[in-house]
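Structure first, then comments.
The values are calculated or read from the model by the stated rules, or taken from the named source; none is laboratory data. Because the structure is a prediction, the values reported are computed rather than measured. A quick note on method: Cβ atoms are made from the backbone with ideal geometry, for glycine too, and the neighbour counts reach across all protein chains shown. With ligands, DNA and RNA removed, areas are computed over all heavy atoms of the protein, side chains included. Shrake-Rupley method; radii C 1.70, N 1.55, O 1.52, S 1.80 Å.
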Amino acid sequence: NGLVALTLQEGDSLGWVRMSTDNNESCIVASKSGQMMRFPLDTLRPSGRGSRGVHSMKLADGDVIAGMDIIPREAKKSTLLVVTSLGYAKRVPLTSYKDQKRNGQGVKGIKLRPQDDVTTVRVVDEETCQQGDVLVATLSGNINRIPLHKVPSYARTAQGAKLVSLDDNGTDRVQSIAIVTDSEEE
C-alpha cells in the first residue's frame with residue numbers, strides 16, 4: 001500500500017530521503033570509497049512520481065552511495081560529519097566542498113584505511129556540534145554516545161580519528177549513527 005515515489009532499476013534501492021523546500025540549498029552525496037559530491041538543488045528538475053530521477057554522482061566500478069544530506073543555505077559555519085565502518089570519524093568544514101555539476105566524480109572526502117569504507121555523512125550545524133551527541137551503533141549491538149564537539153575537525157583529505165572501538169573478532173563494523181540534541185531528549 002502507499003504511493004509509488006519513483007521507479008527503481010534492477011539492483012537499485014532507495015536508501016535515504018531528506019526534505020528540502022528551498023532551491024537555494026545544496027545536496028552532498030558520499031560514496032563508500034570516500035568520494036564526496038556537492039551540487040545545488042536547483043539543478044534538479046521536477047519530475048513525476050513514476051520517473052527514475054537523475055544521476056547525482058558518477059561511481060567507480062564496485063562503488064556505491066554511502067549517504068547523503070541537505071546543506072541548508074544558512075549553513076556557513078556547519079561541518080560535515082564523516083563516519084567510517086571501522087569506527088573513524090571527523091568533521092570537515094562545508095566550505096571544503098564546492099558546488100559542482102551533477103554526475104561528476106566528486107572529490108576525495110577522506111583517506112581510508114585498508115578494509116575501511118564510509119558508513120554515512122551528516123551535516124551538523126555549529127549549535128548542534130557544541131551541544132549535541134552522536135550515537136554510533138555497531139553490528140555487534142553496541143551503541144556509543146559521543147559529544148559531537150569531541151569529534152575532531154580535520155582537512156577534507158585527512159583520515160579522521162578513532163571514534164569507537166569495535167569488537168576484536170574482526171567482523172564488527174559501524175552500522176549507523178544518529179545525531180541527538182538535549183531538546184530531543186525532553
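Here are some notes:
- Selection of region 13-35 for residues being open to solvent by less than 60 Å² (accessible area, probe 1.4 Å) and either without any contact (Cβ under 8 Å) to a residue 12 or more places away in the chain or touching a Ser or Thr at 6+ places or on another chain (Cβ under 9 Å) (or both) yields Cys27, Val29, Ala30, Gly34.
- Residues (open to solvent by 60 Å² or more (accessible area, probe 1.4 Å) and either in contact (Cβ under 8 Å) with a residue 60 or more places away in the chain or under 24 Å from Val64 (Cβ atoms) (or both)) located in region 141-170: Ser153, Tyr154, Ala155, Arg156, Thr157, Gln159, Lys162, Ser165
- Residue within region 64-82 that is within 30 Å of Gly170 (Cα to Cα), open to solvent by 60 Å² or more (accessible area, probe 1.4 Å) and not aliphatic (A, V, I, L, M) present: no
- Total residues in region 27-61, condition of a type in the set (Lys, Arg) and farther than 20 Å from Val82 by Cα: 3
- Within region 95-136, if we keep just the residues that are of a type in the set (Asp, Glu), part of a loop (DSSP other than H, G, I, E, B) and open to solvent by 40 Å² or more (accessible area, probe 1.4 Å), the residue that is nearest to Lys150 (Cα to Cα) turns out to be Asp125.
- Qualifying residue in region 39-51 (condition: open to solvent by less than 70 Å² (accessible area, probe 1.4 Å) and aliphatic (A, V, I, L, M)): yes
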